[in-house]
Amino acid sequence: MRWTTATVFYATLAAVACVPVDKKSAASDAADTAVATDTTAATSVVTPPPASAPSPGATKALTIAGFSTPESVLHDSAQDIYFVSNINGSPTAKDNNGFISRVRPDGAIENLKFIEGGRAGVTLNAPKGMAVLGDTLWVADIDVARAFNARTGALLDSVKLDSAVFLNDVAVAGTGAIYITDTGIRFDDVANVLHPGPDRVFRIGPDRKVTVAVRSDSLGWPNGITVDAAGRRFIIVAFGAAKTVLSWKPGDRTPHAIAKGPGGFDGVEVVGGRILVSSWTDSTVSAYETGQEVKVITGVPSPADIGYDAKRNRVLVPLFQANRVEVWQLQ
């Protein structure tokens with residue numbers, strides 16, 4: 001039943017995003033835009049790429065099965081490991097059954113429940129976006145930002161964001177400040193999407209002081225967030241009907257649109273001069289180098305918060321409704 005609720009929820013969101021109702025590493029705070037244990041290994045199912053035609057700009061390298069509502073994938077370059085956040089139920093349920101997996105770059109699941117709600121004093125309900133700062137793994141969890149030791153999985157800190165509605169993705173600034181999008185979404189018992197809002201991005205300072213970095217309707221149900229170090233700015237993508245890729249710098253009252261696409265945007269990564277964005281609307285990962293959409297990966301249904309492995313030039317795509325992660329080699 002949990003799976004059905006989550007599926008209906010995100011499928012409904014994707015549909016809503018199509019209707020014209022009109023993710024993470026480093027940025028300095030004006031400055032914030034200078035770049036900034038259970039050891040039982042689970043059995044993973046890794047399959048080779050199918051004998052089908054490759055996508056326009058990438059080739060599928062691995063398919064890794066065995067997850068439970070995977071929402072985000074993050075490459076920790078220091079450990080050369082992939083973290084996968086598993087909601088394992090409803091995206092808004094405080095059921096304490098979420099978990100985070102450790103996966104090796106060869107596709108082997110090193111530890112399916114490396115961090116697990118309800119074990120070792122950990123509370124983890126519906127983990128979504130993640131970011132690493134040093135040896136600290138930050139995770140967005142509904143209305144709390146949780147910090148764990150990225151090597152041991154031990155809980156380090158929890159920061160409650162009292163007014164948060166739906167925390168989604170995380171980016172870490174060079175100052176150590178944490179930026180988290182709030183998509184402002186709820187849904188009722190029969191999966192009707194509600195958007196009480198507001199649309200905003202929170203900032204958690206190194207002193208753990210919580211502030212609203214930006215609040216604006218133009219955020220359009222903000223989902224993925226990442227840092228564009230070269231541009232000294234954040235890139236934010238909208239899940240809602242605005243269908244926009246946005247640029248924002250701390251201190252700006254509102255973000256400004258730099259590109260439009262199919263909408264239903266979820267994850268975002270900056271790779272060289274390209275902004276890579278996943279879309280539920282057309283099951284793609286596309287690049288926006290000059291504001292124009294160029295499809296890079298196609299045929300990836302329910303692509304959530306993508307990650308990027310710079311060591312191997314790979315895009316890591318969690319398929320939310322399919323309980324698997326696909327690894328794509330960029331051309």
Rounded, prolate or oblate, given the Cα gyration tensor of segment 74-221, with a/c below 1.5 counting as rounded? oblate
Over 18 Å, how big is the tail of the calculated P(r) for segment 219-262, in percent of all Cα pairs? 18 percent
What ranking do 308-321, 187-200 get when scored by the average of other Cβ atoms within 10 Å per residue, highest first? 308-321, 187-200
Could you sort the peptides 81-90, 240-249 by per-residue average Cβ neighbour count (10 Å cutoff), highest mean leading? 81-90, 240-249
Between LYS94 and SER77, 0.36 nm times their residue separation minus their Cα-Cα distance comes to what? 3.1 nm
Here, GluC sites (Glu not before Pro) of segment 267-296 satisfying both criteria (DSSP loop; at most 16 other Cβ within 10 Å) are GLU289
Note: ASP162 to ASP189 extended length (0.36 nm per residue) minus current alpha-carbon separation gives 7.4 nm
Which of LYS160/LYS260; LYS128/LYS209; LYS209/LYS260; LYS113/LYS243 exceed 28 Å between C-alpha atoms? The answer is LYS160/LYS260; LYS209/LYS260; LYS113/LYS243
Set of aspartates and glutamates near LYS60 by C-alpha distance (under 15 Å), chain-local residues within fewer than 8 positions excluded: ASP106, ASP309, GLU326
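Read-outs throughout are calculated quantities, based only on the coordinates presented, and are distinct from any laboratory measurement. These numbers were taken from a predicted model, which means no experiment stands behind them. Cβ atoms come from the backbone with ideal geometry, glycine included; neighbour counts cover every protein chain shown.
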